[in-house]
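Below is one structure. I have some questions about it.
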Amino acid sequence: MSAKYSAIAAKLKAMRGASLSEADFAALTEKKTVRDICMYLKNTAAYGDEFKIIDDNDVHRGQMEHLMNRKLVRDYKKIYMFMDNQNADVIRFFFIRREIEFLKRKIHYIYTNEENEHVWTDEEFKHNLFINGDRIDYNELRDAKSLEDFASACKGTMYEEPLRRASDFNADFFMLGMIFDEYYYRNLWKMINKLPKSDAEGFKKIIGSSADMLNIMWIYRGKKYFNFSNEVIFSYLLPVRYKLNENVIRSLVNSSGEEGFAADVKRTPYARLMNDTDDGIAIEENYVYLMNRIAEAVFRTASLSTVAAYSKIKDWEIWRITTVIEGVRYGRSPEIIRRHIRVTEERSVV
């Protein structure tokens, strides 16, 4: 590995070494309560420092998720310190996905009239809006009651334009999410295409594969759950093409019925998205699993894209923990939980 990435690689390797093991996940599936899961994580190198503030007698899933994501943001900040200006621009925009997801969560409370169900603290805003936070009015954002209020709080930031566009369209929460996603993937893809080939390749594998699979899932949902017309489905597709060209996309959109759609997906590089969907496994579960496998492969390369790969690997870890928590809350057996989080499945990549 070149000297350019040696410091970043060393930092990433150290942080990766503190991740949970497969044995840890197997042990978590055996826990009987959310409190038991919390107590276990308190004794791990991955989350011990974050979870030490939790009151053992007052454990909440929401607090655990916040602390896990806070740990991930702290990891981002450690990595960011090693970036030069050119690379920092790409990594900063990649990390912005976290800020978008936080804003969408806050907006969701408004759409569902549940804004008073959660008291947003300054710490949560600062940790979740760690890139653009210095230009966002926390108080105005906290008190926002509409998309126009959100746009006003984010005035002068990259979020003002998509928020005002959504407000002008009187967008519902679903449309808002699509506007944000289109904005994010379109701009990140442009930035990736300006990178040196050695760095761009890994980023394209991660971001391109993600966009391809999200488009497949959107077509799947649009057909199965919403009965949308083909024209509507096309209008919401992400504007990134990696392994799926326009002809393949058109074939998927025009497919007839669930069986026809599944057959068409199985002729693409993302055939495994449909694995076991007839046997209780959601397509979204296959997506996060496959993204992790792709990230694992990129993480072994000597390029800037290993930063993006680490992020996706940690996303998978947090997703697995939250899936275990949900399984335990609803009394699922350890065997069923292990199946959903792939504790014993052979590791391979797309």
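FYI, it's all coordinate maths here, none of it is from the lab. Source: prediction; values computed, not measured. Virtual Cβ from ideal backbone geometry, glycine too; neighbours counted across all protein chains shown.
With a 10 Å Cβ neighbour count serving as the proxy for reagent exposure, in which order, fewest first, do T268, T121 appear?
T121, T268
To continue, here is another question. Which of the peptides 204-215, 256-267 is most tightly packed, and how do the rest follow, judged by the mean count of other Cβ atoms within 10 Å per residue? Don't jump to the answer; show the numbers that get you there.
Values: 204-215: 22.6, 256-267: 14.8.
The peptides rank, most packed first, as 204-215, 256-267.
So, one more: May I ask you to evaluate 6.51 cos²θ - 1.76 cosθ + 1.60, the Karplus curve with θ = phi - 60°, for each residue of the range 255-269 and list the ³J(HN,Hα) values in order in whole Hz, giving x for glycine and proline?
Whole-Hz 3J(HN,Hα) from phi for the range 255-269: 4, 10, x, 5, 5, x, 5, 4, 5, 5, 4, 5, 9, 9, x.
Which of the pairs K42/K205; K194/K224; K52/K205; K31/K312; K32/K205; K78/K194 have their Cα atoms more than 28 Å apart in this structure?
On the way: K42/K205 34 Å; K194/K224 38 Å; K52/K205 37 Å; K31/K312 26 Å; K32/K205 39 Å; K78/K194 25 Å.
Too far apart for the 28 Å limit: K42/K205; K194/K224; K52/K205; K32/K205.
Sticking with this one: For C154, C38, what ranking results if the residue with the fewest other Cβ atoms within 10 Å of its Cβ goes first? Before the final figure, lay out the partial values.
Values: C154 25, C38 22.
In order of increasing Cβ crowding within 10 Å: C38, C154.
Using only C-alpha atoms and all pairs of different ones, pull out the Kirkwood radius for the chain in Å with one decimal.
Details: mean 1/r = 0.0462 Å⁻¹.
Roughly 21.6 Å, rounded to one decimal.
Could you list log10 I(q)/I(0) for the range 200-342 at q = 0.21 Å⁻¹, which the Debye formula gives when each Cα is one point scatterer?
-1.26
Students often check this: by mean Cβ neighbours within 10 Å, which of 175-183, 299-307 ranks highest, and how do the rest follow?
299-307, 175-183
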